[in-house]
């Protein structure tokens, strides 16, 4: 009996290890133990018997026979618990293997969600449904740190910055427009609106700190034209900015995609200036050869001609 128990334990351990490794490596190695097995002791019995010497083979009996004696009942109760624990280890090993090889972290600034980024992320999910995607809203400064530290793999932002360890690429350019209160004088003013017109009114901006910031981008366009706008408020959220505009607290300059936020108490108007652009910039660690990053780049290149796979 002692030899048989030792061999059974050894066989169970080897089976569980092989099953767990197979699950972590890939589907080409079918697991020997699965949670769908309705009778784990019976499904393993053939493997156990094959590993036993001929003289011990008949000592492995069905549970119904062995459970008639106290030692038999004890053995099969303990064996059942062992099998359950091995299956839990197997499932956790598979989960850890998947998490290690099929996850991508993406940082974004909030304003990119009003343009094409949601559709890009949706297509990415369609093409790699097995991949876990972690999405984190971040400022540009936070994105830089998160990329360097490996907490995210890709970042989508609005601002250029210098970092030798990070590669950046402009993937889209949006015009900047002005948002006015519904009864603001510029709404009914004849002719186009210019930055000089806007500079005469209180301006609602993103916070200037930390740098770089979206406020730097907007203020640079004024400075290039020797203009100094009056800053009324600094707010972090586009929705907050629109609310303050509706309240008559000032006006705001926003990416054109903000028009998707339909409000009846504000008016969106074009700005008659050249070069007023809010880019969408994708950033990633320099030298990153990840297949998932390559897949994202391919989707961006093919964005306007992409065809959704058949279900």
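No value in this document is a laboratory result; all are computed from the given coordinates. Everything numeric in this text was worked out from a predicted model, so none of it was measured. Cβ sites come from the backbone with ideal geometry, for glycine too, and all protein chains shown count toward neighbours.
Tell me, what is the FRET efficiency for residue 302 and residue 162 to the nearest 0.05, using R0 = 25 angstrom and their Cβ-Cβ distance as r? All intermediate terms of the calculation are to be shown ahead of the outcome.
Values: r = 30 Å, r/R0 = 1.18.
About 0.25, to the nearest 0.05.
Which ordering of 274, 240 is given by a fewest-first count of other beta-carbon atoms within 10 Å? Intermediate values should be presented prior to the final figure.
Working: 274 6, 240 13.
Listed from fewest to most nearby Cβ atoms, that is 274, 240.
Can you sort 104, 261, 154, 251 from fewest to most other Cβ atoms within 10 Å of each residue's own Cβ?
261, 104, 154, 251
So, in nm, how far is label residue 73 from label residue 272 when the simple model puts each one 7 Å beyond its Cα toward the Cβ?
For the pair residue 73/residue 272, the computed spacing is 9.6 nm.
In segment 107-280, what % of DSSP beta bridges are antiparallel (nearest 5)? Spell out each step's value before the answer.
Working: 13 of 24 bridges.
Given both bridge residues lie in segment 107-280, the antiparallel proportion sits at roughly 55 percent.
Once R0 is set to 35 Å, what does the formula 1/(1 + (r/R0)^6) return for the Cβ-Cβ distance between residue 247 and residue 294, expressed as a FRET efficiency to the nearest 0.05? It would help to have the intermediate numbers written out before the result.
Values: r = 47 Å, r/R0 = 1.34.
Approximately 0.15, to the nearest 0.05.
Using the 10 angstrom Cβ neighbour count as an exposure proxy, how do 75, 108 rank, fewest first?
75, 108
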